[in-house]
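The values are calculated or read from the model by the stated rules, or taken from the named source; none is laboratory data. Because the structure is a prediction, the values reported are computed rather than measured. Here the Cβ is made from the backbone with ideal geometry for all residues, glycine too, and neighbour counts use every protein chain on show. Remember, those area values only see protein heavy atoms, side chains included, never the ligands or the DNA or RNA. Shrake-Rupley method; radii C 1.70, N 1.55, O 1.52, S 1.80 Å.
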Amino acid sequence: MFARSVLRKALALPFEQTPSSTTLFRATLSTTTSTSTQSSNPESPLSASPRAEFNDPTQQQHQPPVTPSAAIRSASTPYTTPQASSHIPIHKQPLPPTFESPLKVTSSLLELLPHLVAQRSHYITAHVHAKPYLVTAGDHLRLPFLMANVQPGDVIRLNRASVIGSRDFTLKGKPYIDERMFECRARVVAVDSEPMRYKEKTKRRQRHVRTIKSKERYTMLRIMDVKVKTEEELVKEGAVVVEGQDQATLEVKS
């Protein structure tokens, strides 16, 4: 019994001394952590703007203010201000049409053209793949096909129209109006699609049944503006006044 009690005390002695050693280790660890934290701080803080390097408000007043023009010049990619009235990016604007011969208009058409230009708003009968669509500015148009080489956000120009009119005036083409006399721009909103359709096809006296799948896709457009050019714009673009029968007639509604 005496030997066992002595042995138990001898084995329990190291465990009784562990709290003091643990306390010393924690104190040493906290001292080391505090010294390493103080030494790991950089000399100058990492910041994006020079004004953030100073903690004193009096030193920030001597820094020159950053103007928007300076910020634009310091940017890596250049930015160009859109020149269109409808704030269309330049890279999304359609290319202007090119013609070999100038536009020919009659004097009678030029006399009534200012009345049509001044009377807003205008409607237009645009033709896309020989199908007419009567639209005005702000309308949404869903084409029954997937337009090629377009993405949502692109701006296209509808350059084929048979009728452009207002409340009291109508400009009719024979059969179409020259695209240099008007502008009709539309933005591609989205590419829509219908649900998948299944149709079973079979023939007489045959047990084979075929299942046909079909899923039509559509192109969603939003008409941005419908504009009839003025006489000054036509003359500036090179229009020539001639006598005779014109390709388009401007009529007054009764």
Original post:
Among the residues of region 148-163, which ones are within 18 Å of the chain's Cα centre (by Cα) and open to solvent by less than 50 Å² (accessible area, probe 1.4 Å)?
Top reply: 150, 153, 154, 155, 156, 157
Original post:
When region 201-231 is examined, which residues are found to be of a type in the set (Lys, Arg), open to solvent by 100 Å² or more (accessible area, probe 1.4 Å) and free of Cβ contacts under 8 Å to residues at least 24 places away in the same chain?
Top reply: 203, 204, 205, 207, 210, 213
Original post:
Out of all the residues in region 164-200, which are touching a strand residue (DSSP E or B) at 6+ places or on another chain (Cβ under 9 Å), open to solvent by 40 Å² or more (accessible area, probe 1.4 Å), at pLDDT below 95 and part of a loop (DSSP other than H, G, I, E, B)?
Top reply: 168, 174, 175, 176
